[in-house]
1. Here are Thr73, Thr63: which of them is out of contact with any helix residue (DSSP H, G or I) (no Cβ under 7 Å at 6 or more places or on another chain), under 19 Å from Phe246 (Cα atoms) and in contact (Cβ under 8 Å) with a residue 60 or more places away in the chain?
2. Do we have Ile192 as surrounded by fewer than 19 Cβ atoms within 10 Å (Cβ to Cβ), modelled with pLDDT of 95 or more, of a type in the set (A, V, I, L, M) and under 19 Å from Trp100 (Cβ atoms) here?
3. Tell me yes or no: at least one residue of the range 112-130 is under 26 Å from Pro231 (Cα atoms) and free of Cβ contacts under 8 Å to residues at least 60 places away in the same chain.
4. Within the range 222-245, how many residues turn out to be surrounded by 17 or more Cβ atoms within 10 Å (Cβ to Cβ) and touching a helix residue (DSSP H, G or I) at 6+ places or on another chain (Cβ under 6 Å)?
5. List the residue pairs whose Cβ atoms are under 6 Å apart, where the first residue sits in the range 222-237 and is in a helix (DSSP H, G or I), the second is open to solvent by less than 20 Å² (accessible area, probe 1.4 Å), and the two are 6 or more positions apart or on different chains.
6. Across the range 74-125, what is the total count of residues that are β-branched (Val, Ile, Thr), open to solvent by 20 Å² or more (accessible area, probe 1.4 Å) and not in a strand (DSSP E or B)?
7. Under 6 Å between Cβ atoms, which residue pairs at least 6 apart in sequence (or on different chains) link something in the range 161-172 that is on the phi < 0 side of the Ramachandran plot with a partner that is among the hydrophobic types (A, V, I, L, M, F, W, C) and open to solvent by 60 Å² or more (accessible area, probe 1.4 Å)?
8. Out of Thr158, Thr177, Thr133, Thr202, which single residue is at pLDDT below 95, over 16 Å from Gln226 (Cα atoms) and not basic (Lys, Arg)?
Amino acid sequence: MSNNNSQVATQQPQSLQALMSNAGVMAKLNSVLGNEKKAAAFASSVISVANGNSLLRNANPMTVLGSAMVAATLDLSVVPTLGMAYIVPYKGQASFQLGWKGLVELAMRSGQYKNIIVEAVHEGELVKKNKFTGEYEFDEDAKTSETVIGYMANFQLTNGFSKTIYWTIDEVKAHATKFSQAYRGGRNTPWITDFDAMAKKTVLKALLSKFGPKSLQMQQAVVFDQAAVKPKTDENGDIDLNIDAFDTEYVDNDGNKSAIAEAAAAAAGVQDAQAEEVKS
């Protein structure tokens, strides 16, 4: 994570195009992404994503910028087809949303994971389960129909530890109903437009959050996941582009606040441990 004291002056309000082409914004993108070419390509992708969605075009451009900065700092693309991260409009704001492929990417970067699998389970494929031992047996050749009955996620660590969890389709839908106001209301949301991707992310996130080792990047991704993030502006109109200074609002997921608090505390613990390691 970059903690440079990077700020950019702006006169509110500005369009997203103006914000993303601002010299200060481009300098920050260059800092977190490593080079000007990559920064320019990322800025272009953000503008393209926003222009391709009428709700994003009308969303608060500062929250689009905030979501983009979170994705850039995590070095995750916001191009929807890649499934790494998304900029999602809701109630006039844009939220950063982590994709399941982005979650896998962040986990694998830690070097502690040997393999990560997340898959939809069809009728017939769940051969055996034991809820008391947490052991499951799946067989894709035993599939009897295309109907999805649930989702499984599994990881294997380099030290040999492995863990699998399985959620039924009803458990996944119950989670979406509990934690997404948009889903409950039947409004436009990734839970409606791409249920499979959201289901995979939810089950994988539950597995890694409870049983997997979590790097600082993974912890920070969880903190910002599904949050409308907005850079702070001082009385002179200067915007602080460091994500640690951003205001966050969970406009579609108030019930996630306790999990966010736990993730933030864990992230702080990782930082403290790293600091102590450097001292020693």
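The values are calculated or read from the model by the stated rules, or taken from the named source; none is laboratory data. It should be emphasised that the depicted structure is a prediction, and the values quoted were computed from it without experimental measurement. Cβ: placed from backbone, ideal geometry, glycine included. Neighbour counts: every protein chain shown. The area values use the complete protein model at the heavy-atom level, side chains included, leaving out ligands, DNA and RNA. Shrake-Rupley method; radii C 1.70, N 1.55, O 1.52, S 1.80 Å.
1. One residue alone meets the criteria, Thr63.
2. Answer is no for this residue.
3. Initially, the range 112-130 is screened for residues under 26 Å from Pro231 (Cα atoms), giving none.
No, the conditions are met nowhere in the range 112-130.
4. Final tally of qualifying residues: 9.
5. What qualifies is Val222/Ala263; Val223/Ile260; Val223/Ala263; Phe224/Val70; Phe224/Phe96.
6. Matching residues across the range 74-125 total 3.
7. Listed by first residue and then by second, the contacts come to Lys163/Phe211.
8. Selected residue: Thr133, the only one of Thr158, Thr177, Thr133, Thr202 that is at pLDDT below 95, over 16 Å from Gln226 (Cα atoms) and not basic (Lys, Arg).
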